[in-house]
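Colleague: One structure, as structure tokens, below. Some questions next.
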Amino acid sequence: MNSQSFPFINLPVRTRKPRTSGVTMVLDKHLGMHEAMDLVETAGAYIDIVKLGWGSALLYDVEILKSKIQLYKKHKIKVCTGGTFMELAFEQDKVDEMLIQAKKLGFDAVEVSNGIHPGMTAELKQKLIRQVVSHGFYTLSEVGKKLTEEDSAMTIQDRVSEVLADLEAGSDKVIMESREAGNVGIFDENGKVNTELANCLFQQMDPNDIIWEAPKKEQQVWLIHQLGRDANIGNVSPSEAMSLESLRLGVRGDTFRDNLSDATIVYLELGVGGALRAQRRDDIVVVVDALRASATIIQCFEQGANEVKPVVSADQLHGEITIGERGGEKLPGATYGNSPIEIQKQSFKGKSIVLSSTNGAECICTSKGESNKVLVGSVINAQAVGKKALEIALEQGKNITLLAAGRNNLPAIEDRIGVTEILKHIGSPIVRGLLDPHYSKNIERDFLASDSGMNLAKLGYVQDVIHCSNVDISQLVPCYNGETLKLV
């Protein structure tokens, strides 16, 4: 950042160039040199990539084009060709020639898309990605179609598979197509968020690998609210670059309250994808696996355990006392299953336990970063864990994530109830995230009627389900240090 004009005003810390997160990509349609100079003088510090839209690079006088590229690069801004340009070079079988000339002109980034060419398959696009990488360019690929009817025909899995394949082929970032109007991809024809699609994409890929095209202010606000100030945002108008940075730093009304000194922001997240986002935000995380890992872990400490070590793989389940479960059933070779009622009958005084469960253990392990704390909570210790999370967050100046472990990468009603019960004990939070709270009038009934509850009842664990639905029967709060869980 440039030297501040009001250095006594504190601003949030932003990543610095060259950024890998919090990237702002500006769309330059046809700025003249004087306009480009004005842009970099005022907002150059906040822009990471300038894309010369579509095939517009073909229309410049060569000397003007070279001067503009050098101007941007002087301000540590990558300059990228448009994806339609690559599709035209592909159509004319001139890709190598185009890349050699782009290098001579000074371009240091190239976009590869298949948004409009009817014959460019995803496989051909990935071949082009490898070709661009071999020429030494910072490589951007794009997923999505420019025609609404073609884009809407893409399934969620189509998009996820293509993103992952593009990254495997060598893309530095993948652009999620929404066009200049912001009306395809994760946005509908009116520019409103398709939350179902967005949630699925967030769960199945790392959002930090994506540059989300979001030309409209309300779209940018939504992404910042969901992914934090360091969301990667593209298709930004040159005149809006400073506006976007203002939104990131909370010096505009739409995000101002998020940055108040006494603001408590609580993200409601889901699964391993949510755990990764919480870890990157450095949040205080409360992992909620209501049926049954949270209750089982808490019960181990009620029975006197010194520590519980969560492990992701069943192959890691080694120790004097082991607890293992998949799909509700006890793992072969484990000492006990993931059953709080069974654990109630044991004495674990001073013992170390190793635990592996279907979802909860992985969520706990994934949530831990370098400096954040990860707590285990659910209905049974909702008040205690809610108050403790708030206390730590205020003390350390961090946000909170209430993380529902979920079932098969989808929200589970019992976890949503657990998150909601904890949320009641976190003052007056600013709530963000795609997970909806669920205020239950009869928690036991809702737990028994849930998919997990019915599966556990079928397996003979009805009493476990009932136990896990009891509110505030424990005051214990387990905390994960990156190796083991111990009581706070």
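Each value in this text was obtained by applying a stated rule to the coordinates, not by laboratory testing. Everything quoted here is computed from the prediction, not taken from an experiment. FYI the Cβ positions are ideal-geometry reconstructions off the backbone, even for glycines, and counts take in every protein chain you see.
Colleague: On full extension of the chain, what length is gained from Asp315 through Glu168, given 0.36 nm per residue of separation minus the C-alpha to C-alpha distance?
Modeller: Contour length minus Cα-Cα distance gives 50.2 nm.
Colleague: Can you put Ser474, Ser452, Ser3, Ser313 in order, fewest other beta carbons within 10 Å first?
Modeller: Working: Ser474 20, Ser452 24, Ser3 5, Ser313 9.
Going from least to most buried by this count: Ser3, Ser313, Ser474, Ser452.
Colleague: Give me the extension gain from Met242 to Lys104: residue separation times 0.36 nm, minus the current Cα-Cα distance, reported in nm with one decimal.
Modeller: Result: 46.6 nm gained on full extension.
Colleague: When only C-alpha pairs under 8 Å and at least 6 residues apart count, what is the relative contact order of the stretch 358-420, in percent? Walk me through the numbers on the way to the answer.
Modeller: Values: 37 pairs, mean separation 20.9, N = 63.
Relative contact order, the stretch 358-420: 33 percent.
Colleague: In Å, what Rg and Dmax follow from the Cα atoms of the stretch 437-488?
Modeller: 14.1, 37
Colleague: Regarding the stretch 265-487, what are the three Cα extents along the principal axes, ordered largest first, in Å?
Modeller: Sorted largest first, the three principal extents are 43, 37, 29 Å.
Colleague: Let me ask something else about it. Restricting to DSSP H runs of at least four residues, report the calculated mean residue ellipticity at 222 nm for the chain, -39500 (n - 2.57) per run over all residues, nearest 500 deg cm²/dmol.
Modeller: Dividing the helical sum by the residues of the chain leaves -11500 deg cm²/dmol.
Colleague: A further question on this structure: For the pair Asn455 and Ile473, how long in nm is the line joining their label points, each one 7 Å along Cα→Cβ?
Modeller: According to this spin-label approximation, the distance is 2.2 nm.
Colleague: Give me the distance in nm between label points sitting 7 Å out from Cα along the Cα-to-Cβ direction at Thr484 and Asp61, one decimal.
Modeller: 7.4 nm
Colleague: List the longest stretch of the chain that has no exposed loop site; here a site is one of the trypsin sites (Lys or Arg not before Pro) assigned by DSSP to anything other than H, G, I, E or B, with at most 10 other Cβ within 10 Å.
Modeller: 17-344
Colleague: Now for a separate question. Grab the beta carbon distance between Lys29 and Ser5, set R0 = 30 Å, and tell me the FRET efficiency rounded to 0.05.
Modeller: Taking R0 as 30 Å, the efficiency between Lys29 and Ser5 is 0.50.
Colleague: Per residue of the stretch 116-129, in order, report the coupling 6.51 cos²θ - 1.76 cosθ + 1.60 (Karplus, θ = phi - 60°) as ³J(HN,Hα) in whole Hz, putting x for Gly and Pro.
Modeller: 9, 6, x, x, 8, 6, 4, 5, 5, 4, 5, 5, 5, 4
Colleague: Can you give me the Cα centroid spacing of the stretch 250-320 and the stretch 406-469 in angstrom?
Modeller: Cα centroid of the stretch 250-320 versus Cα centroid of the stretch 406-469: 15 Å apart.
Colleague: Expressed as a whole percent, how much of the Cα-Cα distance distribution for the stretch 164-266 exceeds 22 Å?
Modeller: That tail contains 32 percent of the Cα-Cα pairs.
Colleague: At a Förster radius of 35 Å, what calculated FRET efficiency corresponds to the Cβ-Cβ distance of Leu124 and Glu180, to the nearest 0.05?
Modeller: Given R0 = 35 Å and the Cβ-Cβ separation, E is 0.90.
Colleague: Be a star and scan the stretch 210-233 for residues whose amide nitrogen sits under 14 Å from the point 7 Å along the Cα-to-Cβ vector of Thr20.
Modeller: Under cut-off, by backbone N: 210.
Colleague: Still on this structure, I have one more. Test of the criteria: in the stretch 422-464, which chymotrypsin sites (Phe, Trp or Tyr not before Pro) are in a DSSP loop and have at most 14 other Cβ atoms within 10 angstrom of their Cβ?
Modeller: Those that pass, being in a loop and sparsely packed, are Tyr439.
Colleague: Starting from the Kirkwood Rh over alpha-carbon pairs, what translational D in µm² s⁻¹ does the stretch 1-88 have by Stokes-Einstein at 10 °C and 1.306 mPa s?
Modeller: 112 µm²/s
Colleague: I need the semi-axes of the equivalent ellipsoid of the stretch 24-255: take the C-alpha gyration tensor, multiply each eigenvalue by 5, square-root it, list largest first in whole angstrom.
Modeller: 25, 24, 14
Colleague: Okay, next question. Testing the spin-label approximation: label points 7 Å from Cα along Cα→Cβ at Ala263 and Lys217. State their distance in nm.
Modeller: Roughly 1.6 nm, to one decimal.
Colleague: Based on the alpha-carbon gyration tensor of the stretch 70-153, what equivalent-ellipsoid semi-axes (square roots of 5 times the eigenvalues) come out, in whole Å, largest first?
Modeller: Working through the eigenvalues yields semi-axes of 24, 15, 10 Å.
Colleague: For the residues Val312, Val385, Val465, Val50, what sequence is obtained by ranking on other C-beta atoms within 10 Å, fewest first? List each step's numbers first, then the result.
Modeller: Numbers: Val312 15, Val385 33, Val465 25, Val50 30.
Ordered from fewest to most neighbouring Cβ atoms within 10 Å, Val312, Val385, Val465, Val50 come out as Val312, Val465, Val50, Val385.
Colleague: Can you tell me, using C-alpha contacts under 8 Å and at least 6 residues apart, the relative contact order of the stretch 24-255 as a whole percent? Don't skip to the answer; put the middle values down first.
Modeller: Working: 384 pairs, mean separation 41.0, N = 232.
After rounding, I find 18 percent.
Colleague: While we're here: Can you tell me what the convex hull of the Cα atoms of the chain projects to on average, as an area in nm²?
Modeller: The Cα convex hull of the chain, projected and averaged over all directions, gives 24.5 nm².
Colleague: Here is a further query. What relative contact order, as a whole-number percentage, does the chain give when Cα pairs under 8 Å and 6 or more residues apart are counted?
Modeller: Values: 995 pairs, mean separation 64.1, N = 488.
After rounding, I find 13 percent.
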